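I have placed the structure first, in the form of structure tokens, so that the comments after it can refer back to it.
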Amino acid sequence: MELSTKSKGSVQIVSINGSLDALTAPELADALAAELRGGRARLVADLSGLEYTSSAGLRVLLNNVKDARSQGGDLRLAGVQPNVKKVLDLSGFMSIMKSYADVDAAVASFAE
Amino acid sequence: MIRLMSDTKRVALVIGSGSVKCAAAIGLHKTLLRENIQVEMVVGTSGGALYAAMIALGLAPQQAQETSMRLWTHQVTAKHNRRSLGQILLPNAFGFDENFGTVDDTLVMERLRAAYGEKRIEDAKIPLYLTATDFEHGEQVVLTKGNLVDALRGSIAIPYIFKAHRVDGKLLVDGYLSDPLPIGVAIKEGANVILAMGFESPYQGKINSLMRYTFQVSSIMANNLLKSNYAFHSMAHHGEVIPILPQFNQHIGLFDTEKIPYVIEEGERAAEEQLPYLKKLLASSV
């Protein structure tokens, strides 16, 4: 998995590429926790390069969406690919997380 | 030869409900055998129970394919239970009760006995857990010992089609009613790498009969139950749940036995997709 972070206004965009699983989830957990510790609770997870997620990845997303919301922000998804969407649908995530076609739409949603 | 297992990793194979689609588990098993990945327990429900039992008993993939093609054909539902029509139309006169079922289950019992003989669940080479649903209380029942055919018959007791089946004093109906993908059983039994092969129940398309209407309602409820249980188990489990979700490009009906070879291929394909990660996970210290 490869992670990169950038800012767009008050929104932090975390791009997650490759596979989000038990071996890689701790790295994402650390990255998101660092953002939240720094008071940056408006987060977009760019999943356009994410090919796979297992339950370990789902747990990281869930923990951080809860933490972000408790700080008045949110963790929103962008560019979810079909393979990952299948798992997010099955696990009910699409009913609790906001998802957008691309990063621009997800970033813009924070202004609404 | 490398044996992909470790002291800390307990791999479970969980096969959900899905009638003929569950034959995809043969494809998954084929992949695991080829890669010498040891499974420490097999859990199955409904159609998935039939394949969980074959895998746990040690049937080779080809043998499992042949067995299931003999077992599950249109003929098993061809003979109607004549009394059931009377029970629907005149419940008082015919005596409607919890043993209602529109199909005569004589043939399915014969087929199950032909496939599994007098084996007991505890005879399985790999620990086997079969689930059904307690018709009186709605709870999941996990069967770990006793006559295998009886357990399977209870697990596949599709409401309205097959009458409930009594095992050890409990009236059992299809396992999908309590959990279409019983990952919880594997978690409870200590598995920390769970290969979960699940299937959504098909929607009916044209609703032109009471039976189709009933199945549509049942599918809606089962699919929502599948999602909510999967979400809960994924979140609650400390280990890893690896979803293995075969994609079928053609409609697979309840008794499309002739499509089993295709279904197996798709199961194999879905397993291959997860294989690189699974091997990495089993070789890791995480």
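From the residues B:Ala186, B:Met69, B:Phe135, which one has its Cα farthest along the dipole of chain B in the positive direction, the dipole being from +1 and -1 charges on Cβ of Lys/Arg and Asp/Glu about the Cα centre?
B:Met69
What's the local net charge at B:Leu281, with K and R +1, D and E -1, over the other residues with C-beta under 12 Å away?
+1
Once phi is turned into ³J(HN,Hα) by the Karplus curve 6.51 cos²θ - 1.76 cosθ + 1.60 with θ = phi - 60°, what whole-Hz value does each residue of the range B:274-286 show in order, with x for glycine and proline?
Each residue of the range B:274-286 in turn: 8, 4, x, 5, 4, 5, 5, 5, 5, 7, 8, 9, 5 Hz.
Compute the length gained on full extension between B:Gln38 and B:Arg212: take 0.36 nm times their separation in residues and subtract their Cα-Cα distance, giving the result in nm to one decimal.
So the extension gain works out to 58.5 nm.
Dipole of chain B (Lys/Arg Cβ +1, Asp/Glu Cβ -1, origin at the Cα centre): which of B:Pro91, B:Ala222, B:Ala25 lies farthest to the positive side?
Working it through, the farthest residue towards the positive pole turns out to be B:Ala25.
Under 28 Å between alpha carbons, and skipping anything fewer than 8 positions from B:Lys206 in its own chain: which lysines qualify?
A:Lys85, A:Lys86, B:Lys21, B:Lys79, B:Lys163, B:Lys227, B:Lys259
Taking the Cα centre of chain B as origin, work out the dipole magnitude from +1 charges on Lys and Arg Cβ and -1 charges on Asp and Glu Cβ, in debye rounded to 20.
On the way: 28 positive and 29 negative charges, 55 e Å.
For chain B, the charge dipole is close to 260 debye.
To test your reading of the geometry: what angle, between 0 and 90 degrees and rounded to tens, separates the Cα axis of helix B:106-116 from the longest principal axis of chain B?
The angle comes out near 20 degrees.
Enumerate by residue number the chymotrypsin sites (Phe, Trp or Tyr not before Pro) in the range B:140-187 meeting two conditions: DSSP loop (anything except H, G, I, E, B), and at most 12 other Cβ atoms within 10 Å of the site's Cβ.
Loop-located and lightly packed - none at all.
Taking each pair of different alpha-carbon atoms in the protein assembly as shown once, compute 1/r for the pair, average those values, and report the inverse of that mean as the Kirkwood hydrodynamic radius in Å to one decimal.
Evaluated over the protein assembly as shown, this radius sits at 22.3 Å.
Determine the sum of side-chain charges near B:Pro243: Lys and Arg each +1, Asp and Glu each -1, restricted to other residues whose C-beta is under 13 angstrom from that of B:Pro243.
My count for the surroundings of B:Pro243 gives -2.
Restricting the count to DSSP beta bridges whose residues both fall in chain A, what percent are antiparallel, rounded to a multiple of 5?
Given both bridge residues lie in chain A, the antiparallel proportion sits at roughly 35 percent.
How big is the charge dipole of chain A about its Cα centre, in debye rounded to the nearest 20, if each Lys and Arg gets +1 on its Cβ and each Asp and Glu gets -1 on its Cβ? All intermediate terms of the calculation are to be shown ahead of the outcome.
Details: 12 positive and 13 negative charges, 66 e Å.
With Lys and Arg at +1 and Asp and Glu at -1, about 320 debye.
Cα to Cα, under 18 Å, and not fewer than 8 places away if on the same chain: which lysines meet these conditions relative to B:Lys170?
B:Lys145
On average, how many beta carbons from a partner chain sit within 10 Å of the beta carbon of a residue in A:57-63?
Taking all residues of A:57-63 together, the mean is 3.
Specify whether the C-alpha gyration tensor of chain A places it in the rounded, prolate or oblate class, a ≥ b ≥ c being the square roots of the eigenvalues: rounded for a/c under 1.5, otherwise prolate if a/b is larger than b/c and oblate if not. Write out the running numbers ahead of the final one.
Values: a/c = 1.43, a/b = 1.24, b/c = 1.16.
Rounded is the answer for chain A, as its axis ratio a/c remains below 1.5.
Roughly what % of DSSP beta bridges within the range B:1-131 run antiparallel, to the nearest 5?
Numbers: 1 of 10 bridges.
Looking only at bridges with both residues in the range B:1-131, the antiparallel portion is about 10 percent.
Could you compute the FRET efficiency for B:Arg166 and B:Phe255, with r as their C-beta to C-beta distance and R0 at 30 Å, rounded to 0.05?
Numbers: r = 25 Å, r/R0 = 0.84.
About 0.75, to the nearest 0.05.
Just the number, please: percent antiparallel of the DSSP beta bridges in the protein assembly as shown, rounded to the nearest 5.
35
Hey, how many Å between the Cα centroid of the range B:11-85 and the Cα centroid of the range B:140-196?
Cα centroid to Cα centroid, the span is 13 Å.
Under 20 Å Cα-Cα from A:Lys8, which lysines qualify once same-chain neighbours fewer than 8 residues away are excluded?
A:Lys8 reaches A:Lys98.
Once a ≥ b ≥ c are taken as the square roots of the eigenvalues of the Cα gyration tensor of the range B:150-215, is the result rounded (a/c under 1.5), prolate (a/b larger than b/c) or oblate (a/b not larger than b/c)?
Taking the square roots of the gyration eigenvalues as a ≥ b ≥ c, the range B:150-215 is oblate.
Where the only charges are on Cβ atoms (+1 Lys, Arg; -1 Asp, Glu), what is the dipole of the protein assembly as shown about its Cα centre, to the nearest 20 debye? Mind dumping the intermediate values first?
Numbers: 40 positive and 42 negative charges, 42 e Å.
So the magnitude is around 200 debye.
Ignoring the sites themselves, what is the longest stretch of chain B with no trypsin sites (Lys or Arg not before Pro) in a DSSP loop and at most 12 other beta-carbon atoms within 10 Å?
That would be B:4-124.
Taking each residue in B:270-277, count the Cβ atoms of any other chain within 10 Å of its Cβ, then average. What number comes out?
On the way: counts 0, 0, 0, 3, 3, 0, 2, 8.
Mean partner-chain Cβ count within 10 Å for B:270-277: 2.
Taken together, the values in this text are just the output of simple stated rules run on the coordinates, not laboratory data. All values reported here derive from a predicted model rather than from experimental measurement. Heads up, the Cβs are rebuilt from the backbone with ideal geometry, glycines too, and the neighbour counts pull from every protein chain shown.
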